[in-house]
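The values are calculated or read from the model by the stated rules, or taken from the named source; none is laboratory data. Treat the numbers as computed from the prediction; the structure is a model and nothing was measured. Virtual Cβ from ideal backbone geometry, glycine too; neighbours counted across all protein chains shown.
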Amino acid sequence: MKEPSSPVKYQFHHNGKTEEINTSLITEAPVSLTVNGVAWLTFMCTPTQLEALAVGFLFNEGIINDFSEVADVRVCEHGDNVDVWLNHAAEKPTKWTHTSGCTGGVTSVEPNVDIEPVHHLNGMQLIPEQIPVLLGMLDNDQTLYRQTGGVHTSVLSDGEKSIVSAEDIGRHNTLDKIAGIALMEDIALESSVILTTGRISSDMMQKSLRLGASVIISRTSPSSMSVELAERQGITLVGYAKRHRFNVYTHPERIS
């Protein structure tokens, strides 16, 4: 099984001097997904929480709606394949769309398509002073980032506390892992807040909606398509969130 970080040695040049540094970098590894004995695709991911990644991906793609549909899920001995056996047939998508991002995520969901959330959005309200508190929770859950850098973190919150968090080199993978953990641990996917260090593109918006999020807060930018989706589906989208400033792109009525 691969480790989430890998040792590396590099030369640090500064002020005309050279210093040799021993450190670690985030691991990027190919991990294939097999469903009912059929190879579906290969994730480029950080090799942690792989069972959750596989289950959450199938959930976010609409292949399953509940963990009771999973008969078995297991990672192979070498950690480069996850086998998922469902208690029903599942047809492998004939078309995969490569999503934006550094690790080349894929989805069978068409861009800018409305996704049916697991729960209807409720009237969650936040006050501006809660945003820095929530960002503090995101900081606290960045364990791998503090060790290696170069990794994204996402958090599922009820607006007051961190419920589930995940880290991965691919921002989209963090939301699949969150979905998988929630399903496998029977955590209710009710209207919630998603916090992430990653850019909010259309696939991130679709995964967040599938998770029942009514508020999405990112440290960086949304895309134009994600803003369109958020506006249409009633999601409050917050971008460029820092401790004392943030931009609200859609449905500002939830932050009053």
Region 206-256: number of residues that are assigned to a helix (DSSP H, G or I) and out of contact with any Leu (no Cβ under 9 Å at 6 or more places or on another chain): 6
Residue in region 57-77 that is hydroxyl-bearing (S, T, Y) and over 14 Å from P30 (Cα atoms) present: yes
Any hit, region 62-70, residues being assigned to a strand (DSSP E or B), in contact (Cβ under 8 Å) with a residue 12 or more places away in the chain and either among the hydrophobic types (A, V, I, L, M, F, W, C) or not assigned by TED's automatic domain parsing to the domain that holds V164 (or both): yes
Candidates T236, T250 - the one that is hydroxyl-bearing (S, T, Y), within 20 Å of the chain's Cα centre (by Cα) and at negative phi: T236
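Which is more than 8 Å from the chain's Cα centre (by Cα), at positive phi and either of a type outside the set (A, V, I, L, M) or in the same structural domain as V151 (by TED's automatic domain parsing) (or both), of G212, G198, G180?
G212
Part of a helix (DSSP H, G or I), closer than 12 Å to V82 by Cβ and among the aliphatic types (A, V, I, L, M) - does that describe any residue in region 34-50?
Within region 34-50, one or more residues are part of a helix (DSSP H, G or I), closer than 12 Å to V82 by Cβ and among the aliphatic types (A, V, I, L, M).
Check every one of the helices (runs of 4 or more DSSP H) wholly within region 88-197 and list those with 1 or more residues that are surrounded by 13 or more Cβ atoms within 10 Å (Cβ to Cβ) and at pLDDT 95 or above.
130-140, 171-184
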